[in-house]
Amino acid sequence: MTAEHARSWHARGAAAQKRAVFFVFDGGVGLGHLRRLCHIAERMQGPFACLVVTGHSRAATWFVPAGCEYVHIPSWDSLIAERARYWAREPFVEVELEEAVAIRRTMIDGIMRAFRPDAIFVDHLPLGSRGELADVIENARCRKYLVTRGVLNGTEDLDALIFGGAARTALIEHYDRILVAADRRIVKFAEGHDLSARVRAKITSTGYVTQKISAAAIAGKRAERGLAPGDTWVVASAGGGQTGEATINAAIALADAYPELVFDIVLGPRSNLRPPDGIRVGGNAMRVRIHSTVENMGLLHAGADVVITTGGYNSLLETLQGSASIVCVPLRASERDEQFQHARSLSDFIDIRIAPTAAELPLKFAEAVQASASRRPDRRAEIDMSGADAIADIALNDLAMDTVP
């Protein structure tokens, strides 16, 4: 958002502040859904009072923007025994699934009655992970928006979860818009699904939603890391970290194999690996750093020369704001799933390689290092990254229409 655009936008909303609530999907393994909605809330705060509702407790303190607020509700990881077992812990309350859903539904209902939003943004699934948003979507008298990254996991039958049954009814009867947070040239959302004309009419591709990272910030981060001219900086991350342990271990092995390169390896807050921050590998602790978490991961992705990633939406978009060559090691094994699909769709615009497994990472990494040294230009500057601004404008314009007699 330019300074002029921001002044104009805030002036339009200054007369009467609206309220927006953001329901974050937390049924997956990563933090991408939380981060995407937080980027939108950051653009909207001011003309809107933005409230984020999430089951991610620790991560919310990092990602919810200043000026916004959030409510933490019990996560599925702490309510459902099977999910809790992954973390080798007991659920915080012993209940059957039906009661777990009722707990979240009742809390959400209380938030809605207290906050009385003018707009609701629902992430990923129209009715929530387990239908906990059904009552809200049917009964709340406000604007309702579904936000989707646009590329869906083909092995999860998401067509049925998003466009079938009660979800389909909600999209047709209760939702105002379906906002696809992607560049329409790269992610052809409507064309990839068998949708009715009524659903298609509600779809708007907004451009990608991501953190804006300046060239000055990138230069500052590289200087802070102590990089000299000609140094090659490798950043490896596994997003939230859950199920990405094999990729991280392979990246640690590469740090030993390439003593001339500088590495930062980030496990992620949901990883089962827990070495202490700053542990060194293969000698100089300044050359190789391993972190459990990093507060501003976007700057590392944007500042690196080579990025090893599991292919999460946010990680890729942050990296595209720099000049790094990318090696994607998707968490999911199927080529029908989001990380494979998205990486392939981006390949016409950026320098990206896919290693289907961590075992294939060394070969793809060697190619990426060589490509980074040649600094061949690609088309990343053409990609539309204005999604958060576009969504903010859409919401404010829609609500302005509501106030017209």
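Say whether the condition of being out of contact with any strand residue (DSSP E or B) (no Cβ under 7 Å at 6 or more places or on another chain), in contact (Cβ under 8 Å) with a residue 12 or more places away in the chain, among the small types (Gly, Ala, Ser) and outside any helix (DSSP H, G or I) is met by at least one residue in region 80-91.
Looking for residues that are out of contact with any strand residue (DSSP E or B) (no Cβ under 7 Å at 6 or more places or on another chain), in contact (Cβ under 8 Å) with a residue 12 or more places away in the chain, among the small types (Gly, Ala, Ser) and outside any helix (DSSP H, G or I), one finds none in region 80-91, hence no.
Using the structure shown, decide if Gly282 is open to solvent by 10 Å² or more (accessible area, probe 1.4 Å) and modelled with pLDDT under 85.
For Gly282, the condition - open to solvent by 10 Å² or more (accessible area, probe 1.4 Å) and modelled with pLDDT under 85 - is met.
May I ask you to list the residues in region 345-377 that are at pLDDT below 90 and assigned to a loop (DSSP other than H, G, I, E, B)?
Answer for region 345-377, where residues must be at pLDDT below 90 and assigned to a loop (DSSP other than H, G, I, E, B): Arg375, Arg376, Pro377.
Val294 passes all but one of (1) farther than 19 Å from Leu37 by Cα; (2) at pLDDT below 95; (3) out of contact with any strand residue (DSSP E or B) (no Cβ under 6 Å at 6 or more places or on another chain); (4) of a type in the set (A, V, I, L, M, F, W, C); which number fails?
Of everything listed in (1) farther than 19 Å from Leu37 by Cα; (2) at pLDDT below 95; (3) out of contact with any strand residue (DSSP E or B) (no Cβ under 6 Å at 6 or more places or on another chain); (4) of a type in the set (A, V, I, L, M, F, W, C), Val294 misses just condition (3).
Condition check: among the small types (Gly, Ala, Ser), surrounded by 19 or more Cβ atoms within 10 Å (Cβ to Cβ) and in contact (Cβ under 8 Å) with a residue 12 or more places away in the chain. Does Ala388 satisfy that?
Judged against the criteria, Ala388 is a match.
Pairs needed: first member in region 102-114, without any contact (Cβ under 8 Å) to a residue 12 or more places away in the chain and within 15 Å of His72 (Cβ to Cβ); second member anywhere, assigned to a helix (DSSP H, G or I) and open to solvent by 70 Å² or more (accessible area, probe 1.4 Å); C-beta distance under 8 Å; at least 6 residues apart or different chains.
Note: no pairs meet the criteria.
Counting just the residues of region 1-43 that are within 30 Å of Ala84 (Cα to Cα) and of a type in the set (Gly, Ala, Ser), which one comes out modelled with the highest pLDDT?
Ala41
Please enumerate the residues belonging to region 391-401 that are at pLDDT 95 or above and open to solvent by 60 Å² or more (accessible area, probe 1.4 Å).
Result: Asn397, single match.
Does Val122 fit the bill of being part of a helix (DSSP H, G or I), open to solvent by less than 80 Å² (accessible area, probe 1.4 Å) and closer than 21 Å to Leu34 by Cα?
No, not satisfied.
Give the residues of region 43-73 that are open to solvent by less than 50 Å² (accessible area, probe 1.4 Å), without any contact (Cβ under 8 Å) to a residue 40 or more places away in the chain, assigned to a strand (DSSP E or B) and not polar (S, T, N, Q), sorted by residue number.
Answer for region 43-73, where residues must be open to solvent by less than 50 Å² (accessible area, probe 1.4 Å), without any contact (Cβ under 8 Å) to a residue 40 or more places away in the chain, assigned to a strand (DSSP E or B) and not polar (S, T, N, Q): Ala49, Cys50, Val52.
In region 43-100, what count of residues is obtained for those that are under 11 Å from Asp26 (Cβ atoms) and basic (Lys, Arg)?
Counting residues in region 43-100 that are under 11 Å from Asp26 (Cβ atoms) and basic (Lys, Arg) gives 1.
Within region 345-372, how many residues turn out to be in contact with a helix residue (DSSP H, G or I) (Cβ under 7 Å, 6 or more places away or on another chain), closer than 22 Å to Leu254 by Cα, open to solvent by less than 40 Å² (accessible area, probe 1.4 Å) and touching a residue at least 60 places away in the same chain (Cβ under 8 Å)?
Number of matching residues: 3.
Determine, yes or no, whether Asn139 is surrounded by fewer than 17 Cβ atoms within 10 Å (Cβ to Cβ) and under 17 Å from His33 (Cβ atoms).
no
For every residue, the table says whether it meets (1) on the phi < 0 side of the Ramachandran plot; (2) at pLDDT below 95.
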residue: Tyr208; (1), (2): yes, no
residue: Ala217; (1), (2): yes, no
residue: Trp233; (1), (2): yes, no
residue: Ala238; (1), (2): yes, yes
residue: Thr243; (1), (2): no, yes
residue: Ile248; (1), (2): yes, yes
residue: Leu254; (1), (2): yes, no
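With respect to Asp402, determine if the residue is farther than 30 Å from Asp256 by Cβ, in contact (Cβ under 8 Å) with a residue 12 or more places away in the chain and within 25 Å of the chain's Cα centre (by Cα).
no
Output the residue which, of all residues in region 313-344 that are modelled with pLDDT of 90 or more, small (Gly, Ala, Ser) and in a loop (DSSP other than H, G, I, E, B), is surrounded by the most Cβ atoms within 10 Å (Cβ to Cβ).
Ala324
Scan region 90-97 and tell me whether some residue there is open to solvent by 10 Å² or more (accessible area, probe 1.4 Å) and at positive phi.
For region 90-97, residues open to solvent by 10 Å² or more (accessible area, probe 1.4 Å) and at positive phi: absent.
The values are calculated or read from the model by the stated rules, or taken from the named source; none is laboratory data. If you're wondering where the values come from, they're calculated on a predicted model, not measured in any experiment. Cβ atoms come from the backbone with ideal geometry, glycine included; neighbour counts cover every protein chain shown. The area values use the complete protein model at the heavy-atom level, side chains included, leaving out ligands, DNA and RNA. Shrake-Rupley method; radii C 1.70, N 1.55, O 1.52, S 1.80 Å.
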